[in-house]
Amino acid sequence: MKKPLMFSKSPVAAAVSVVLSAGLMFPSFAQEQAAESAETEQTEQQLQQREKNAMEVINVQGIRGSLSRATAFKRQSSGVVDGISAEEMGKFPDTNLAESLQRITGVSISRNDGEGSEITVRGFGPEFNLVTLNGRQMPSTGFSRSYNMEALSSENVTALEVYKTARAAMPSGGLGATVNIVTTRPFQTSERQFVISGKAMHDSSVDIGDSVTPELAALYSDTFADDMFGVAVSLSQQRRDFQQQYANIQGWQANVGLPDLEEGEFTDPRPVGDDGERIGNHFFPKDMNYGFTDVQNERTNGQVTLQFAPTDTIVLTADYTGSRRTSGRVGYGWGIWNEFGGNINSYILDENGTAVYADIAGNDSSFTANWDTTEIEADSVGLNLSWDITPDLNLWVDVHDSSNKIDNGADKGIHSTGQIILGSDQLRTKIYDYRNGEIPQASVLWNNGTNVLGRGEIDSNFSQFLRSPGESNIKQYQVEATWYNSVFDVPLVKVTGGVTRTEQDMGGYNAWSGLRGGPGFNPSFTQIFPDGMFVYNNTDGFLDEFAGGGSDLAQNYYYTYDIEEALARQAAFLTEERMGADEYYVGIRPGDITGRSSVLEETDAIFIQSEWEFDVAGFFTQVNFGARYEQTDVTSMVRQRVEQQVNWVSPSEWIMQYVGGGDESTFLTQTGEHDVFLPMLDVKVDITEDLVGRFSTGKTIARAPLGALNGGRSLSGSPKPGARTGSSGNPNLLPFESTNIDLSLEYYYGDGSYASIGYFKKDVDNFIQNTITETTIDGIRDIFQGPRYQQAISDIESRGEQATSTAIFEQMLANGHGNADGAIEPNSDDPLMVWNISRPSNTDEKSVNGFEIAIQQLFGETGFGAAANATLVDGDTSFDVDSLDQQSPLVGLSDSANLQLFYEKHGWSVRATYAWRDSYLLGVGQAQGSSDAPPQFARSFGQWDLSVNYDVNEKLTVFFEGINLNNETEEGYGRYEEQFLFARQYGPRYALGARYSF
């Protein structure tokens, strides 16, 4: 209810106020009418006393107070709603907002760098959920609608509100749920509050960086001139150093060409058909990589809120929220790259046709270095008016202008992100083996007769530099009027109506240097690097939480090197005089911009919502119904370079060439529009004094991803065989539309204690599927499998040699098909290149249903308490792993469960939490996967956290935090668990700190 006048309560505070007066409000409507005259005579002093009592309850601190407030908010809200409240000013249950949200039934999270970042609600991932800040829609980072919870510090947050059912009065976009982040307002309490806190964080994964990093926060709130003016200021600064260790495969290729091998050189348990061919599909990994990244993250948050109440009926609020995040990364990796057909020497498949062992010749192995510095700047300025025009009529006006900018080229030296690829193609064969352990093994037999590449044999392959800055902006105007019925003798409580205009624009550009420095070890430049530049390292302690990791890795060594020295030596040697157009240049040049794009989305909305209270057969009933109508216009503009041809520049590298060297470009502007009608109905019945039943139905939407609305087409700049991919957008995409039904039963059997069970069903129409279509483009021809390519194979095999990709490339050069730069260009008799182009489109309807179960128990005055919840979901949205047909399943659907155990008494506050999420579909399509758009699954994940607080006195609290105490790791796989995709290891984190209240 938006009527924050003299007392300016938050929604959670309002809920507690209602709880205190529940004994007066819960009798039947007929009884209320009989007592109407008595209520009319209630004095303002009595009202103020009731509000004061409510605020005193709110000021109960600690875990019990937080749970009690959240329970009251849930009980008194209309529809299916959950909340989390701050334990006290400046202390939220978790330092990360996403980690807090996963304690709520039906909410699970995805992690970035080992921290919670985005939420999934009832199986619907981040792009299906709307996050608002004090009721305002916020811009996200990048070409996405998913708001990253890492952007905000938790110190200034007083509550998180999760609305799982439709609300006509709320901005649309939360098909799964709408999460409202409520921050501190000075009029929430007239008392001066000043809290500072600091802690030292130790990340056990740190290798390079500080093993202990600081986190500081301060929060001040006060009112002046008899509560006429108020100010609240919060500041926080956090730094975290850590290391991520990983192994990964970029994609699995289906039904690649297999050579004719002798018995004993392969194992294939798949049945044989009447035609003598194997029945079923087979799959091979495109590569196998290992590596680690040292990361330094810094985040600064600030918020200023000013409030002015010139009269008892007007409250003006102005606020600013800003955040600055900088992430610096330096990483090293090593691995192998595969092509198939004649390159395959031997293999072993399992029953699903997945290669668990392969001996593959050709191509290369590399030692890479990569680095980037990314800066994110988010700012939001807002104005708000709440005016009681009459005792029964409130006007609420809110305006905000918010922006979110990201730049991954914030490196002060090269102003881009960069990657150096060193290594060699002087190998006999490469081995991939996943028959044992939790991590596949990859090793190389070099031409030197060993499994170790010597320092003097390390060659320059290529380097590349990228930059893709972007900006997202939202201007939103909201006007609402709420009328409280005190005139008509009907069970109507209030009516709220309003209009909203939201203007969201997003734009940016992509720049890619191409592959600099004569890619592909052709010719060889081992003389660039002195042996002393390379540092030999063993793999002890690397991925040692996984069976087969650490020193057990087949390739148990890697090289690191000084990045600046490697850049300088290549730039000094690979000059224009020596390399021509392949000159080694560090950074991005103006001609490297591959495209610019922008999307403007303008939405006008109107809504009406009403609240009713009456008695049905002796049961007190509350009904809330309304509707929202929205009209949206979309404008997309794209500038892109014109593709000319693809050159084969080395055995492993194929490079796109552009008309005019990339200086010529085309512009494309497209438009789209849609409208939606979103009705909603909530019914809440007090079956007994402690038992509440709910029924809700309505329509919610989630708009298409902003990036998918971009028109135009882009093709890979490095289109190797098996990786000829592209994408295009569709500005006419309709939003996902979900028709929802919710039923729940809640039993409130004690102070802060309750048990609940709920059923939900969502039928989602206009589901968006990325369809991959095999397409040819006029004029772009393919050397691969062309007549010259086939002639080279014939020449090689006639000598009794193996036709690897390296041998074919060298034979074509020997046959005179190379240009002056040693690259092979397409001919007019080569076939047209086949591209796998991904384009989004609206498809059929999907259905999801599930159950939510929760229990929360406070054990009297013992100080002990526990809370547990579980969500079980199902639907016709699963991925059929045995089919190569393209599919559009729901990403993120999984069961989840959470457990909290706590003790709070005698100055001690101890909480242990466990969060579990079952395996789930991460996405469809793999970076180097085949055109059937193979899936990415995440294995189940469970994490233990612990917090211990001790109140030294009324003002000083010291605390300890332990995060990921069980050192849980992240793992992913493809169609089958044997199709490894990634393994990541971070390690536990610990913090010691203190909080002081003045």
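Considering each residue of the range 745-760 in turn, at least one proves to be assigned to a strand (DSSP E or B), farther than 30 Å from Met680 by Cα and out of contact with any Phe, Trp or Tyr (no Cβ under 6 Å at 6 or more places or on another chain).
Against the conditions (1) of a type in the set (Val, Ile, Thr); (2) buried (at least 18 other Cβ atoms within 10 Å of the Cβ); (3) in a loop (DSSP other than H, G, I, E, B), where does Thr688 fall short? Just the number, please. Of the numbered conditions (1) of a type in the set (Val, Ile, Thr); (2) buried (at least 18 other Cβ atoms within 10 Å of the Cβ); (3) in a loop (DSSP other than H, G, I, E, B), the odd one out for Thr688 is (2). Applying the criterion of at least 2 residues that are among the acidic types (Asp, Glu) and within 12 Å of the chain's Cα centre (by Cα) to the strands (runs of 3 or more DSSP E) found wholly in the range 88-180 leaves 115-121. Looking only at the range 723-738, decide whether some residue is in a strand (DSSP E or B), closer than 30 Å to Gly79 by Cα, aliphatic (A, V, I, L, M) and touching a strand residue (DSSP E or B) at 6+ places or on another chain (Cβ under 8 Å). No.
Within the range 524-564, being closer than 13 Å to Gly454 by Cα and of a type in the set (Asp, Glu) holds for one residue alone: Asp531. Residue count for the range 243-298 under the criterion of being over 29 Å from Gln802 (Cβ atoms) and either under 32 Å from the mean Cα position of the chain (by Cα) or surrounded by 16 or more Cβ atoms within 10 Å (Cβ to Cβ) (or both): the result is 12. Kindly indicate whether Ile783 is of a type in the set (Val, Ile, Thr), under 15 Å from Pro651 (Cβ atoms) and touching a strand residue (DSSP E or B) at 6+ places or on another chain (Cβ under 8 Å). Spelling it out, Ile783 is indeed of a type in the set (Val, Ile, Thr), under 15 Å from Pro651 (Cβ atoms) and touching a strand residue (DSSP E or B) at 6+ places or on another chain (Cβ under 8 Å).
Return the residues of the range 228-242 that are of a type outside the set (Lys, Arg), farther than 19 Å from Val195 by Cβ and buried (at least 17 other Cβ atoms within 10 Å of the Cβ); say none if nothing qualifies. Asp241, Phe242 - these are the residues of the range 228-242 that are of a type outside the set (Lys, Arg), farther than 19 Å from Val195 by Cβ and buried (at least 17 other Cβ atoms within 10 Å of the Cβ). Against the definition (within 27 Å of Ile348 (Cα to Cα), out of contact with any His (no Cβ under 8 Å at 6 or more places or on another chain) and surrounded by 20 or more Cβ atoms within 10 Å (Cβ to Cβ)), how does Leu445 come out, yes or no? Judged against the criteria, Leu445 is not a match. Between Asp829, Asp821, Asp844, the distinction of being assigned to a loop (DSSP other than H, G, I, E, B) and free of Cβ contacts under 8 Å to residues at least 60 places away in the same chain belongs to Asp829 only.
Residue pairs whose Cβ atoms lie under 7 Å apart, separated by 6 or more positions or on different chains, with the first residue in the range 88-115 and within 20 Å of Leu133 (Cβ to Cβ) and acidic (Asp, Glu) and the second at pLDDT 80 or above and part of a helix (DSSP H, G or I), are Asp94/Ser100. When Val381 is tested against (1) more than 22 Å from the chain's Cα centre (by Cα); (2) part of a strand (DSSP E or B); (3) surrounded by 20 or more Cβ atoms within 10 Å (Cβ to Cβ), just one condition goes unmet, and that condition is (3). Counting only residues that are among the polar types (S, T, N, Q) and assigned to a strand (DSSP E or B), which one in the range 294-313 is farthest from Leu152 (Cα to Cα)? Looking at residues that are among the polar types (S, T, N, Q) and assigned to a strand (DSSP E or B), I get Thr311.
Of all residues in the range 277-292, none that is on the phi > 0 side of the Ramachandran plot has its Cβ atom under 7 Å from the Cβ atom of a residue that is modelled with pLDDT under 95 and surrounded by 23 or more Cβ atoms within 10 Å (Cβ to Cβ), 6 or more apart or on another chain. Looking across Asn510, Asn538, one residue alone is under 39 Å from the mean Cα position of the chain (by Cα) and without any contact (Cβ under 8 Å) to a residue 40 or more places away in the chain. It is Asn538.
Annotation for the range 711-718: no member residue is in contact (Cβ under 8 Å) with a residue 60 or more places away in the chain, touching a helix residue (DSSP H, G or I) at 6+ places or on another chain (Cβ under 8 Å), surrounded by fewer than 21 Cβ atoms within 10 Å (Cβ to Cβ) and not in a strand (DSSP E or B). Take the residues of the range 146-173 that are modelled with pLDDT under 90 and in contact with a Phe, Trp or Tyr (Cβ under 8 Å, 6 or more places away or on another chain): which is surrounded by the most Cβ atoms within 10 Å (Cβ to Cβ)? Restricting to residues being modelled with pLDDT under 90 and in contact with a Phe, Trp or Tyr (Cβ under 8 Å, 6 or more places away or on another chain), the top hit is Glu155.
Counting just the residues of the range 92-125 that are surrounded by fewer than 24 Cβ atoms within 10 Å (Cβ to Cβ) and among the charged types (D, E, K, R), which one comes out modelled with the lowest pLDDT? My answer is Asp94.
To keep it simple, each residue is scored yes or no on (1) acidic (Asp, Glu); (2) closer than 30 Å to Asn485 by Cα.
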site	(1), (2)
Val295	no, no
Asn301	no, no
Ala309	no, yes
Tyr347	no, no
Asp372	yes, no
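Specify which of the listed residues (Asn949, Asn953, Asn967) is buried (at least 21 other Cβ atoms within 10 Å of the Cβ) and more than 21 Å from the chain's Cα centre (by Cα). Just one listed residue meets the conditions, Asn949.
Out of all the residues in the range 477-485, is one or more polar (S, T, N, Q), in a helix (DSSP H, G or I) and surrounded by fewer than 17 Cβ atoms within 10 Å (Cβ to Cβ)? The answer is no; no qualifying residue exists. For Phe529, the test of being among the hydrophobic types (A, V, I, L, M, F, W, C), surrounded by fewer than 21 Cβ atoms within 10 Å (Cβ to Cβ) and in contact (Cβ under 8 Å) with a residue 40 or more places away in the chain is failed. Filtered by the rule that a residue be hydroxyl-bearing (Ser, Thr, Tyr), farther than 16 Å from Asp882 by Cα and surrounded by fewer than 19 Cβ atoms within 10 Å (Cβ to Cβ), the range 970-993 gives a lone residue, Tyr990. Scanning the range 848-892 for residues that are hydroxyl-bearing (Ser, Thr, Tyr), more than 30 Å from His906 (Cβ to Cβ) and surrounded by fewer than 16 Cβ atoms within 10 Å (Cβ to Cβ) yields Ser878, Ser883. Looking at the structure I just gave you, is Phe960 more than 25 Å from the chain's Cα centre (by Cα), farther than 26 Å from Ser753 by Cβ, at pLDDT 95 or above and aromatic (Phe, Trp, Tyr)? Yes.
Kindly evaluate Thr496 against the criterion of being crowded, with 17+ Cβ neighbours inside 10 Å, touching an Asp or Glu at 6+ places or on another chain (Cβ under 8 Å), in a strand (DSSP E or B) and in contact (Cβ under 8 Å) with a residue 12 or more places away in the chain. Judged against the criteria, Thr496 is a match. The condition (being in contact with a Ser or Thr (Cβ under 6 Å, 6 or more places away or on another chain) and either surrounded by fewer than 16 Cβ atoms within 10 Å (Cβ to Cβ) or in a strand (DSSP E or B) (or both)) is satisfied by just one residue among Leu681, Leu668: Leu681. When the residues of the range 210-226 are filtered to those that are assigned to a loop (DSSP other than H, G, I, E, B) and of a type outside the set (S, T, N, Q), the one that is farthest from Thr183 (Cα to Cα) is Asp210.
The values are calculated or read from the model by the stated rules, or taken from the named source; none is laboratory data. On a predicted model such as this, the values are computed, not experimentally measured, just so you know. Neighbour counts run over all protein chains shown; Cβ positions are idealised from the backbone, glycine included.
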